[in-house]
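Notes follow the structure.
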Amino acid sequence: MVIQLIYFGLMFWFGLYLINRDIRNARLLLTGLGVLVCSLGYGAAVLLSYSAAAQPNMVLVLSKVRDIGGYLPLVLWQGAVLSMFAVQAHQRSLVWPLWKYGLTSLVLGSGIWLTVVNNPERYHISYTVVLCVLLILLLLFSIWGAVSDGTKRPIVFYGFNYVPLLIFICMTAATLFYLDGGWNQGMLVANGAGMLLFGGYILIKEIREQGETWLPDLFRSFDYSIFFTLIFSGQVALVIWLGTETGFNATTLSLLMVSMMISIAFQVLVYPIRAMLDNFALMTFPKLRSERSKLRLVESVQVRINEESKPDEMDDEELYRLIRRALSNLGNLERLAASPLTQLKLMDERLRMRGAADGVLERANELKSLLIHSIMQMKPNQDEPFGTTDEWKFYNALFFPYVIGIKPYSVRYSDDQLDQPSKDALEWFRTYVPERTCYNWQNAGSRLIATSLKEKNILSRAQ
């Protein structure tokens, strides 16, 4: 049982960590959700082995969690794989939108139906139908995603991303023929191992593309999680072991698992929790609240900064990629602070000329100021607030979405707080500029900024 609890806690921690590392990253979010759901399914399977004498309703609830935790991670895994092919808008095929809106809606509807069915026989029939349909769709989407990928990739790439997924799809399908709990639990163990390996691959790939370091923050979170879990959940386990005659049963084991989840979640989400508590406790002290926020930001960013990166030696393509990412995070000071662009020699020169201290926040603010200044230099006429001629397209595509923050392609976005030029720009985007065109303009504008920034950095190093 100890090994089972360790495995359950490991999956639960890693799933939460992936989500919390960058919740706006679709691949980390989907992979993290997959690992998290798999951990809950495995936990339910462990509890089932202790629930033989429990009430039938309890057994049915745990069986539902176990079954949904068996196939849902595969859907999320596939979404993470397909989203990698949808990063480039001009290569986007119908497979990603269909998965995003079609398959997920089907999974959500079927999950709700399986949750509300209370008759065991009806549930078994429903689960069989849902699993067969979803596994067939997963196979079709996997084949479609591999065939429709517009980029030439090595066979190893497809093998690493698709072959394990196909193997686990077949293993999950085998649960229809082997109804014993041992096979289901073994399948969940294997799925969990696959999700952990895939999650590690996605984490390293995405964090390296962002120019950050991944190992220190991962080790910090892992060490803290072990410490918190041993301190708090260890006491619960000790009380149950010494204070009950029967030892662990379904109820006491559930209590221990919930204690582990709370301990792990508190550690992984410690910065958001501290921010919420500080905002409540210091609501009448705005200056102190602001200082606390800065300290939390510096503390969280320092373990993510890649001190071995050499942005001054980057080629044009890598510099463009980092600038493109920094522009998309222009309103997020934490993401900017972790960017390798803050370590450019140009930043040293700008800080020296301004007489500012050399710190994480100062470099992030300087990078933000530099990017906004570079965008403003693209403005054809400084006296006009907005224009629609061809010479305005790069400025419009960068300034209004990133500096002003408008979201022209979101149906839920409201223009109530915008000034008149921004409202005109929003209407222009929605009426005359397709989303793919805007994306291409942003890419072209980012390359111009990358060229300009590289020239400025060379001049700064020469001085």
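Every number here is computed from the coordinates shown, using simple stated rules; none is lab data. Worth saying up front: this structure is predicted, and the values here are computed from it rather than measured. Positions of Cβ are backbone-derived with ideal geometry, glycine not excepted, and every protein chain shown enters the neighbour counts.
List of remarks:
- Cross-link pairs beyond the 28 Å C-alpha cut-off, checked among Lys100/Lys368; Lys393/Lys456; Lys379/Lys456: Lys100/Lys368
- Förster-model FRET efficiency, 30 Å R0, Phe219 and Arg274, C-beta, rounded to 0.05: 0.90
- Per-pair calculated FRET efficiency, R0 = 41 Å: Ser369 and Val258 via Cβ, rounded to 0.05: 0.30
- Extension gain, Ser49 back to Ile404 (0.36 nm per residue minus Cα-Cα distance, nm): 122.2 nm
- Distance from the alpha carbon centroid of the range 278-351 to that of the range 124-143 works out to 44 angstrom.
- Tilt relative to the chain, helix 316-328 - C-alpha long axis, 0 to 90 degrees, to 10: 80 degrees
- Summed residue charge, Cβ within 12 Å of Glu308's Cβ, Lys/Arg positive, Asp/Glu negative: -1
- Shape descriptor for the chain: Rg over Rh equals 1.02 (Cα atoms; Rh from the Kirkwood inverse mean 1/r).
- Label-point separation in nm, Ile167 to Leu140, each point 7 Å along Cα→Cβ: 2.7 nm
- Cβ-derived FRET efficiency at R0 51 Å, Leu288 paired with Met376, nearest 0.05: 0.90
- Relative to the longest principal axis of the Cα atoms of the chain, the long axis of helix 234-243 makes an angle of roughly 10 degrees.
- Each Cα pair under 8 Å and six or more residues apart adds its sequence gap; the mean of these over the residue count of the range 2-268 is a relative contact order of 26 percent.
- Couplings 3J(HN,Hα) for the range 331-339, derived from phi with the Karplus relation 6.51 cos²θ - 1.76 cosθ + 1.60 (θ = phi - 60°), are x, 10, 5, 5, 5, 5, 5, 8, 6 Hz, where x marks Gly and Pro.
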